[in-house]
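Here the structure comes first, spelled out in C-alpha cells, and everything after it is commentary.
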Amino acid sequence: MSTATTPTAIPTAKPKNVFFETTDKAYVQALPRCIYDGRIVSIIGEGEANRAVDYLMQQPLVGIDTETRPVFRRGVSHKVALLQVAAPGICFLFRLNWIGVPPCIVRLMESPTTKKVGLSLHDDFTALRRRVPMQPQGVIELQTMAAAMGLRDMSLQKLYANVVGERISKGAQLTNWEAETLTANQQQYAATDAYACLVLYDRLTEAQREGYQIIKENRTPQTI
C-alpha cells in the first residue's frame with residue numbers, strides 16, 4: 001500500500017501500537033489517502049477463474065471482500081456482483097454477475113488451509129450463498145480480533161485509519177458493480193478494500209505479539 005501526499009499538513013502519527021478505543025471522523029479525514037499499488041486482474045471467464053484460484057490456494061492467507069449493486073428503491077434487491085480476493089502484490093476481481101460462482105471459488109472458500117481474512121465476513125458469505133451453497137472454512141474475522149483487543153469502531157475505514165494511519169476512500173462504494181466494464185476507480189476501490197484486510201491482519205497480529213495500548217480519549221490527530 002502507498003499513500004498519496006496532499007498539500008495540507010499531515011497529522012502527527014500516533015506511536016506504534018497505540019490505538020484509539022473509538023476513532024473520530026475528523027481524524028480519519030485528516031489522514032493521507034491509502035492507495036493500492038499492486039496488480040489488479042479482472043476475471044470474466046471460468047478458465048481465468050480456475051487459474052486465479054490455483055494461484056490463490058498456494059497462499060497461506062488472502063484478503064476478501066464483496067460488492068453488490070446498490071439499491072435505491074424499496075423492494076428491489078441485487079445478487080452479489082463482485083468477489084475480490086487479494087494476495088501480496090495482486091488482487092483478483094471475480095465478476096460474479098458474468099460468471100456466477102464457479103466450483104473453483106467454492107473450493108477456495110471451503111479450503112481450511114488457505115486462510116481468508118476480512119471484515120463483516122458473515123455478510124459476504126451470506127451474499128455468496130444466495131448464489132451457490134458453500135460452507136466456508138479457514139475464516140478470520142477482523143472485527144472479532146479488533147473487539148477482543150478493546151477497539152470499538154468496526155468499519156473498515158475507521159479501523160484502518162486507527163491501526164494503519166491511512167484513509168480509505170469510499171467514493172466508489174455506491175456505484176454500479178454490474179456495469180459491463182468496471183472503471184479504474186471502481187477497480188482501485190475494490191482491490192484496496194480486499195488488500196487492506198491483509199494489512200490490518202498483519203498490524204493487529206504484530207500488536208498482539210509486541211504489546212499495545214488503547215487510548216480511551218477521542219482526540220484529533222494534532223493533539224496526540
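Quick look at the values:
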quantity: Cross-chain or 6+ apart pairs with Cβ under 8 Å, region 17-35 first and exposed (fewer than 14 other Cβ atoms within 10 Å of the Cβ), then in a strand (DSSP E or B); calculated: GLN29/ARG167
quantity: Residue ranges of helices (runs of 4 or more DSSP H) in region 121-224 with at least 3 members closer than 21 Å to ILE105 by Cβ; calculated: 121-129, 184-210
quantity: Unique match (being more than 20 Å from ASN176 (Cβ to Cβ), β-branched (Val, Ile, Thr) and touching a strand residue (DSSP E or B) at 6+ places or on another chain (Cβ under 8 Å)) among ILE105, ILE99; calculated: ILE105
quantity: Hits in region 42-64 (condition: touching a Pro at 6+ places or on another chain (Cβ under 8 Å) and either among the charged types (D, E, K, R) or in contact (Cβ under 8 Å) with a residue 60 or more places away in the chain (or both)); calculated: GLU46
quantity: Region 36-74, subset at pLDDT below 95 and not charged (D, E, K, R), residue nearest to the chain's Cα centre (by Cα); calculated: TYR36
quantity: Those residues of region 38-60 which are over 16 Å from THR192 (Cα atoms) and aliphatic (A, V, I, L, M), in sequence order; calculated: ILE43, ILE44, ALA49, ALA52, VAL53, LEU56, MET57
quantity: Region 140-186, residues that are crowded, with 19+ Cβ neighbours inside 10 Å, small (Gly, Ala, Ser) and within 17 Å of ALA26 (Cα to Cα); calculated: ALA161, GLY165
quantity: Of residues in region 64-109 being of a type in the set (S, T, N, Q) and open to solvent by 40 Å² or more (accessible area, probe 1.4 Å), the one nearest to ALA127 (Cα to Cα); calculated: THR68
quantity: In region 129-139, the residues that are surrounded by 13 or more Cβ atoms within 10 Å (Cβ to Cβ) and touching a helix residue (DSSP H, G or I) at 6+ places or on another chain (Cβ under 7 Å); calculated: ARG131, VAL132, MET134, PRO136, GLN137, VAL139
quantity: Conditions (1) under 14 Å from the mean Cα position of the chain (by Cα); (2) modelled with pLDDT under 95; number of the one not met by PRO221; calculated: (1)
quantity: Number of the exception - GLU210 against (1) loosely packed, with under 15 Cβ neighbours inside 10 Å; (2) touching an Asp or Glu at 6+ places or on another chain (Cβ under 9 Å); calculated: (2)
quantity: Positions within region 56-71 being over 11 Å from VAL85 (Cα atoms) and either part of a helix (DSSP H, G or I) or aromatic (Phe, Trp, Tyr) (or both), in sequence order; calculated: none
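The values are calculated or read from the model by the stated rules, or taken from the named source; none is laboratory data. Since this is a predicted model, take the numbers as computed values, not measurements. Don't worry about glycine lacking a Cβ; one is built from the backbone with ideal geometry, like all the others, and counts go over all protein chains shown. Heads up: the accessible areas ignore ligands, DNA and RNA and are worked out on the full protein's heavy atoms, side chains in. Shrake-Rupley method; radii C 1.70, N 1.55, O 1.52, S 1.80 Å.
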